[in-house]
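Everything below concerns the one structure shown next.
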Amino acid sequence: MTAILWLIVLSVSLGGGGLALFLWASRSGQYDDMDGAAQRILFDDPPESPQPESPQPEPPQPEKR
């Protein structure tokens with residue numbers, strides 16, 4: 001009988017913890033923009049600005065004997 005009481009207490013505490021985490025996520029704005037991620041996957045990123053070319057180092061010359 002005590003095992004069932006421990007399981008009830010455990011399940012209620014886990015459920016309360018899950019509810020608390022959901023409320024925290026909801027209040028911190030995790031679910032504000034549900035359509036944004038679905039829209040972003042459909043469109044390409046804007047092109048990056050061209051990077052200035054850095055001078056290429058000269059390849060090493062073989063030593064003459």
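Just so you know, all these numbers are worked out from the coordinates, no wet-lab data involved. Small disclaimer: the values here were computed from a predicted structure and weren't measured. Reconstructed Cβ throughout: ideal geometry from the backbone, glycine too, with neighbour counts over all protein chains shown.
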(request) Would you check if there is a residue in region 40-47 being within 34 Å of the chain's Cα centre (by Cα), of a type outside the set (D, E), surrounded by 10 or more Cβ atoms within 10 Å (Cβ to Cβ) and part of a helix (DSSP H, G or I)? (result) yes
(request) Working carefully through the options Q61, Q56, Q30, find the one that is in contact with a helix residue (DSSP H, G or I) (Cβ under 9 Å, 6 or more places away or on another chain), part of a loop (DSSP other than H, G, I, E, B) and without any contact (Cβ under 8 Å) to a residue 12 or more places away in the chain. (result) Q30
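Just checking, which of L14, L5 is surrounded by 10 or more Cβ atoms within 10 Å (Cβ to Cβ) and assigned to a helix (DSSP H, G or I)? Steps first, answer last, please.
On the way: L5 fails: surrounded by 10 or more Cβ atoms within 10 Å (Cβ to Cβ).
Exactly one residue qualifies, and that residue is L14.
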(request) Of the conditions (1) more than 25 Å from the chain's Cα centre (by Cα); (2) surrounded by fewer than 10 Cβ atoms within 10 Å (Cβ to Cβ), M34 clears all except one; give me its number. (result) (1)
